[in-house]
Structures are given as structure tokens and as C-alpha cells.
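Encoded as C-alpha cells, the structure appears first; notes follow it.
No value in this document is a laboratory result; all are computed from the given coordinates. The shown structure was predicted, so the numbers you read here are calculated from the model rather than taken from an experiment. We place every Cβ from the backbone using ideal geometry, glycine too, and count neighbours over all the protein chains shown.
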Amino acid sequence: MSGSWMTTRAWLLMLPLLVVMVSVIGWPLVDTVRLSFTDAKLVGTEGNFVGFDNYAKMLSGSNFQRTLVTTTWFAVISVAAEMVLGVLAALLLNQQFRGRTLLRALMILPWALPTVVNATLWRLIYNPEYGALNAALTQIGLLDAYRSWLGEPNTALAALIVADCWKNFPLVALIALAALQAVPRDITAASMVDGAGPLARFRFVILPYLVGPLLVALVLRTIEAFKVFDIIWVMTRGGPANSTRTLSILVYQEAFSFQRAGSGASLALIVTLLVTVLAVAYAALVRKAAGSTA
Amino acid sequence: MSALEIQNIRKNYGAVETLKGIDISLQSGEFLVLLGSSGCGKSTLLNIIAGLAEATSGDIRIGDRSILGVHPKDRDIAMVFQSYALYPNLSVRRNIGFGLEMRKVPVAERDKAVQEAARLLQIEALLDRKPSQLSGGQRQRVAIGRALVRKPQVFLFDEPLSNLDAKLRLEMRTELKRLHQMLRTTVVYVTHDQIEAMTLATRIAVMKDGRIEQLGTPEEIYNRPATLYVAGFVGAPPMNILDVTVRNGLLEIAGSDVTIPLPPRYATIGDGTRLSLGIRPEALRLAAEGAVGLTLPAKVEVVELTGPELIATARIGGQKLIACLAPRTRLGEGESRRFAFEEEALHLFDPTTGLACEGAP
């Protein structure tokens, strides 16, 4: 069978998928790029060509800069906490103890819950009148009076980060647990005979096996955290006083609440570009880590 | 005082008894090989000595102290694993020196010890490489180096040559022998390879089902097997075992009318006793025409030339008889020939207990 026929056949087999991808991703993307250079509104007008005005306005606006800072805080803190919690949970679940299988199954639950359910659950926990958190903290004497955790600008973002961590650390734990189970038993035994304590064993023996898989988890979670929308929309809608407004919320507000399709599109493309840069940087890191443990 | 004393060690996994009371006393500088097939408990025993598994009962002493309950790092042992167990992200230098680094040995002293071990093992040029950049044989040398630098009282080897190809295995075997002759350290070595056991050991413990079948020098194990299992396990091809019955001072081969005289050392065995007769394939030779002495007539079925020897598989009264002959022996398949042997090469076992029959000295 000739090489050219093989190539043609491959393209023919791929064609249905290509058609779907072009129509649901390619065309909207091209149209978003077109829109971003216009002053189009969501309804009514097609808009006029305005060049890079939308980009300039968005990048120089205080809204964008403040939101970028909020998003970065949210992504960095929640992903870092998820990594630490995930690895600790994996180390615990990798030990031999009674009920380990049950605990492993239970740990997956938060991650398996739909984000909207998780967000609603945490809104109930944080409720300023009958929330479990307020009740628990006042009963053990850490709090004098009930607080509105999601209603105060200085606690809302932290409260959201906790909810996001609770949902997503199981994914990191699962990935880390799989990596831990791949650590050869002989190497752990050798390190014990060599006199490595728990910390040295983690650093020299276990961590090298965790780095690669954890980098993959880091890439996935950072990109997701940077694009976060649903949990925040359900819990705070970006408030109070825009203290929890992330880039995706800003894009939504610009395009749909204020109906400015042109500037909304330019903002969406800026977010896409930022996420792409992150993804490329992380991919390079993963390749480097994979190379060093090969 | 023994260098290593294993006293009545038992190990249970639930209802399964993996080790059923092991007793071994090892003098300083001895090379003990634990030999047995998979599942016989040899690796479990090694792991108990290392502290990687706990004994259900019994005691292990290194020098004058009991080490049961002592952490592996404090037992004054070093272990070489089948999979090498090198730390993949550390250089060869740090791998070898890892045990010393963990024990906070000063850098200069550590470097000196690493250099010395590397020189002994001829891996000085590899010190800055990572394990992934080494061949199997080089990795095994690094693993041995890591054990050597610690200068422990007892070295433990868990099938260290199993992952190497045949040629490299032979090289490393010689290397290990050379190292032991040079360092005179106490070694416990686990293997299922009888050639490794025979060539390396000063004593061999043949294990089966969690028990020691026989503990002795390689010469004793080979020439005076204590049980049918040892007789069949040690030697390649294994010892021929033929069913025989004692009749009027003769041994009658079952399924045939062939008889051979009962050796005088077994004269006390009663008439009519059913026994297993053992004779090593390499103890057989082709009898010359009209030769006198002990011979067994058999019909040759298969002849295999391995290079250094000719292996003939023959039948005598429906029972298999294998002979290892000189490579230039002229022998054809289907021929009926007589195989000669010396009386000392003949072993008798009780087929019910599997134990060797007591012969007069």
C-alpha cells in the first residue's frame, strides 16, 4: 500500500472530527478575533473596526490589572495548597492501615461532585446566619459572633480558595498516590538500610518519582485555576466589591452584563494568551523533569 | 563467638507458616548461600536478617547482640538487591556514599571511602554518571560499592545477579568471589542458581517449604545430599533417581530385570525394602565392550551435544537415566548401551521420608 494512499486515508478518517472541531472551535475563535478589533455590542450592531483600541483599553484599565492580581492570588494559593494537601493525603493513604480502601474511595468524593453542588455546599457552610463554620468556630470559642465570610472583601477570596482546594486536592492526591505506588519497594528498603530517616527518604527516594506526575497535576490545576469561573459565580458572583472577581468573571461581565462584545472578545483573547504562555512554560518544565528522571 | 547466629526463626503470614524454625550459625568471613526454588522462604529469611520483615518468633544475633526489633540502619548490615535499588536522581558517587552521608560521615572521609570502593570495583570513571547512564553490570557494581563503603559486619545479597545476562553473570560471579577472598567479610547470599551457590559459598543452606533441607559445604551438598530434594535440586542435569528394591544383597531396578550389587556400606538395609537410587549424570560413562564392574544397561533415546559435553537421555525399565559424557563419545539414538559407574557414586534414599539412607562409614 503506497504512502500517499495511507496519508489520504488518514485524512479521510480524520475529516469528520476536523469538521466538528472547525465548526465548534475554529470558527468561534476566528470570529472572536474579528470581534476583538471592533466596537460591536452583544445585540444590535455589527460594530466598526477599531484596531487595537479594545486591547489597549483593557490592558491599561485598572479593572483588568486588579482582576489579574486577584486571579493570580487565587491560582497560586489554591494550587499550592492543593499540591501540599494532595501529597500529604497520598503519603497517608499509601500507608498500610485498616480502612485504607474506604478512605481512598471517600477521598475522591469532593472531586467527583459537580462544581455547582460543591459551591452551593460551601455557601451553606459559610452562611452568616446558620452556617456550620460560624457555629463550629463560636462553639469552640474562636469567634465571638457570626461573620459573613463571603460578604466581607477581606475574607471572601480566602473562603473561595478553601472551597476550591477542598474540591480539587483529591485529584492531586490521586495522581501522587499512583506515583507513590510506582516507587520500587527495593529502593525504599535500600534507603532504610542506608539509614535515611523519613524526611531524607522523602527527599532523595520518593520525591524524584513524584516530580513528573506532580508537574502534570500542576499544569492542569494552574490552567484551570486561572480560568476559574463556576465556583466563584455560584458563591460570590465576583463580589463583594469585586474582591473575588477573576479574569473569566470579568470577561463574562464585559461581554454579557455590559453587552460590550468587542472589548469582551479582546479580554477573552488576552486570557487565552496568558493561559497558553503558562501551558507552554509548564510543558517545557515537564519535559525537563521527565528528562532528568529518565 | 559467631558473626551471625540465627536461632529458631519462624515467620507466619496469617495461617501460612513461611519459615518453620531456621537455625544457622555463621563464623566471621563465611559466605553462606541460601539456595532454593521460589517460595521456599529464602528471601523472607534475608529480609528478617535485614530488618525489612519481622520474625514471628526466634532470635537473630550479630556479634554478641540480638538485632530483632533493631532498625535496619542500626543492625550493622548492608544489602544488595536484585533490582540494584539505586537512587535514580543521584550520581554514582552519591549513590555509593549515600549510607555514609545519612550517617553524617565527614565529606573528606566519605569521598575517600567512595574512591576506594570505586577502585576495587573498577568504576572510578563512572562516578559522575547517573544510574540511567549505566549498563546492568555497572549498576550492580555500584550497588555492591554502596554496600562495601559501609564496612558492615554482615553483607546481605538478594539474588544480585538474576537480572544480568549469562555472560555478565559469570563475570560478576567471579568478581564477587574475588572481592570475598580479598575482604573476608561475612556474607549471606540468596539465590536459586545452584552454580552461583556452588562456586561462591563456603556453606550452602538448601531450603524447601520454609525449612533447611541441608546445611553444608558445597562439596557435602553435591557429593552427600541429605535428602532426595537436595539430590534433585543441586546439579544440572539433576541426579538420576531410580526406583529400586533390595533383594538378596542386590538392588533390583523397578520395571526391569536389571540388578546391581548393594554396596557393602548399606548392608544393614533389610531385604524387600523399596528405595530410591540416586546417581549423578556426570558419574556415568559409557562402558567398554566386555567391561567388568558396575554397569546399567539402557536404551538411548536422545543425544544432545552442548559443546563441552554430550548429554544422553536413556531408558532403563521405563525409568529415565541421563548421562553426561565426553563430547566426542560415539553414541546414536536408539542404541542399547551399558553405562558404568563407581560404587561411591551411588546414593540410596528412603522414598517415604526422602532422607538419605545411613551407610556405614
Specify whether the C-alpha gyration tensor of the range A:36-95 places it in the rounded, prolate or oblate class, a ≥ b ≥ c being the square roots of the eigenvalues: rounded for a/c under 1.5, otherwise prolate if a/b is larger than b/c and oblate if not.
prolate
For the protein assembly as shown, what is the Kirkwood estimate of the hydrodynamic radius, computed as the reciprocal of the mean inverse distance between distinct Cα atoms, to one decimal in Å?
31.9
Using Cβ contacts closer than 10 Å as the measure, can you line up B:Tyr266, A:Tyr130 from fewest to most?
A:Tyr130, B:Tyr266
Heads up, the range B:60-112 by the C-alpha gyration tensor (a ≥ b ≥ c square roots of eigenvalues; a/c under 1.5 rounded, else a/b over b/c prolate, else oblate) looks oblate
Among B:Cys357, B:Cys40, B:Cys324, rank each residue by its count of other Cβ atoms within 10 Å, from fewest to most, as a rough exposure measure.
B:Cys357, B:Cys324, B:Cys40
Taking a quarter of the surface of the Cα convex hull of the range A:12-145, what do you get in nm²?
17.0
Here FRET efficiency (C-beta to C-beta, A:Leu15 to A:Val216, R₀ 30 Å, nearest 0.05) is 0.45
Any aspartates and glutamates with Cα under 13 Å of the A:Lys41 Cα? List them, leaving off those in the same chain fewer than 8 positions away.
A:Glu254
Can you quote the Å³ per residue value for the convex hull of the Cα atoms in the range A:133-210, rounded to an integer?
150
Backbone N under 16 Å from the B:Asp271 label point (7 Å along Cα→Cβ), restricted to the range B:232-262
B:245-252, B:262
Can you give the FRET efficiency to the nearest 0.05 for B:Leu168 and A:Gln65, using r as the Cβ-Cβ distance and R₀ = 60 Å?
0.40
Return the distance in nm (one decimal) between the two label points of a simple spin-label model at B:Tyr13 and B:Asp76, each offset 7 Å from Cα along Cα→Cβ.
3.2
Excluding B:Pro264 itself, what net charge comes from residues whose Cβ is under 15 Å from its Cβ, given Lys and Arg +1 and Asp and Glu -1?
-3
Hey, can you grab everything whose amide H is under 5 Å from the amide H of B:Gln82? Only 5+ residues off in sequence or another chain; H modelled, so Pro and N-termini drop out.
B:Asp158
Counting Lys +1, Arg +1, Asp -1, Glu -1, what net charge surrounds A:Ser257 among other residues with beta carbon under 13 Å of its beta carbon?
+3
Hey, could you grab the Kirkwood Rh for chain B? Inverse mean 1/r over distinct alpha carbon pairs, Å, one decimal.
22.9
Give me, ordered by chain and number, the residues 5 or more places off B:Leu348 or on other chains with an amide H under 5 Å from its own placed amide H.
B:Gly278, B:Cys357
Along the charge dipole of the protein assembly as shown, which of B:Thr202, A:Val76, B:Asn8 sits closest to the positive end, that is, farthest toward it, with unit charges on the beta carbon of Lys, Arg, Asp and Glu (+1, +1, -1, -1)?
A:Val76
At 7 Å along the Cα-to-beta-carbon direction for both B:Thr217 and A:Ala283, put a label point, then send me their distance in nm to one decimal.
6.9
Can you give the longest stretch of chain B with no exposed loop site, where a site means GluC sites (Glu not before Pro) in a DSSP loop (not H, G, I, E or B) with at most 15 other C-beta atoms within 10 Å?
B:55-288
List B:Asp111, A:Asp31 from most exposed to least, where exposure is judged by having the fewest other Cβ atoms within 10 Å.
A:Asp31, B:Asp111
Just the number: Rg to Rh for the range A:53-293, Cα atoms, Kirkwood Rh, two decimals.
1.04
Decide, for the range B:116-232, between rounded, prolate and oblate: order the square roots of the alpha carbon gyration tensor eigenvalues as a ≥ b ≥ c, take rounded if a/c falls under 1.5, and otherwise choose prolate if a/b is larger than b/c, else oblate.
prolate
If we count every other residue with Cβ under 12 angstrom of A:Asp230's Cβ, Lys/Arg +1 and Asp/Glu -1, where does the sum land?
+1
Rg over Rh of the range B:215-301, using C-alpha atoms and the Kirkwood radius, what does it come to?
0.97
Cα-based Rg / Dmax (Å) for the range B:308-355:
13.6, 40
Taking a cut-off of 30 Å between Cα atoms, list the lysines near B:Lys20, but don't count ones fewer than 8 places away on the same chain.
B:Lys11, B:Lys42, B:Lys73, B:Lys208
Principal semi-axes in Å for the range A:20-67 [√(5λ), Cα gyration tensor, largest first]
23, 15, 10
